[in-house]
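Inspection log for the structure reproduced underneath, given as structure tokens.
The values are calculated or read from the model by the stated rules, or taken from the named source; none is laboratory data. Being a predicted model, the structure only gives us computed values, none of them experimental. Ideal geometry is used to build each Cβ from the backbone, glycine not excepted, and the neighbour counts take in all protein chains shown. Remember, those area values only see protein heavy atoms, side chains included, never the ligands or the DNA or RNA. Shrake-Rupley method; radii C 1.70, N 1.55, O 1.52, S 1.80 Å.
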Amino acid sequence: IDTTEVTAPNSAAVNSDPEMHETSASSGLFAYPASAQQQQLWFIDQLHPGNPAYNIPLAYELRGRVDLSAMNRSLQWLVDRHENFRTRFGVRDGTLMQLVDAERPVEFRVMDLAGQGSASEETWRKEVAKEARHQFDLAEGPLIRGLVIKLGAERHVLLFNCHHAILDHRSVLQM
């Protein structure tokens, strides 16, 4: 759902989407009914909290110098631009809702394995596997995580991990 929010000083947010409900003018939290697929994932998560089976981990090996500050700004821009990355879930009046935070600060965690030689190869692969099993809390969020593993001055591993409730495989192909 693409919405446009306009906020004037000392006024509540205005939105033209009839399905969107502002839950608190001061909090900037908006609520939308969850889709049928999101309801299914929520139900499964209630039976098996934090089950990583619905995680979508994406790992990329980067060659060349990495500007971590620029990467953090890019990740924050991505989260600011796309509501799904600021979404978590909760039940309101018996209905599962997508709760979209107006802001959600994020940044990449960094693991520096440079200088560890051949041991770093095994270590980073274990860390990627561990991150892929992260247990997301659908009610608390965030449902996106980022990790940069530094293996050398010009070799890094970039890992994104999202819960399937906010991202589908078709969207991943567009990333």
- prompt: So GLY50 clears everything in (1) farther than 30 Å from GLY152 by Cβ; (2) in a strand (DSSP E or B) except one condition, right? Which one?
  reply: (2)
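Of LEU62, LEU75, which residue is under 25 Å from GLY152 (Cα atoms), at pLDDT 90 or above and touching a Lys or Arg at 6+ places or on another chain (Cβ under 9 Å)?
Numbers: LEU75 fails: touching a Lys or Arg at 6+ places or on another chain (Cβ under 9 Å).
Among LEU62, LEU75, only LEU62 is under 25 Å from GLY152 (Cα atoms), at pLDDT 90 or above and touching a Lys or Arg at 6+ places or on another chain (Cβ under 9 Å).
Got a sec? Which of ARG92, ARG125, ARG133, ARG104 is in contact with a helix residue (DSSP H, G or I) (Cβ under 8 Å, 6 or more places away or on another chain), under 24 Å from GLY50 (Cα atoms) and surrounded by fewer than 15 Cβ atoms within 10 Å (Cβ to Cβ)?
Working: ARG92 fails: in contact with a helix residue (DSSP H, G or I) (Cβ under 8 Å, 6 or more places away or on another chain); ARG125 fails: in contact with a helix residue (DSSP H, G or I) (Cβ under 8 Å, 6 or more places away or on another chain); ARG104 fails: surrounded by fewer than 15 Cβ atoms within 10 Å (Cβ to Cβ).
After applying the criteria, what remains is ARG133.
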message: Any residue in the range 49-74 that is without any contact (Cβ under 8 Å) to a residue 60 or more places away in the chain sitting within a Cβ distance under 8 Å of a residue that is open to solvent by 30 Å² or more (accessible area, probe 1.4 Å)? List the pairs, counting only those 6 or more apart or interchain.
response: ASN72/GLU107
message: Looking at the structure I just gave you, is SER69 under 21 Å from ALA153 (Cα atoms) and surrounded by 15 or more Cβ atoms within 10 Å (Cβ to Cβ)?
response: no
query: For the range 107-122, how many residues meet the condition of being open to solvent by less than 50 Å² (accessible area, probe 1.4 Å) and touching a Ser or Thr at 6+ places or on another chain (Cβ under 8 Å)?
result: 2
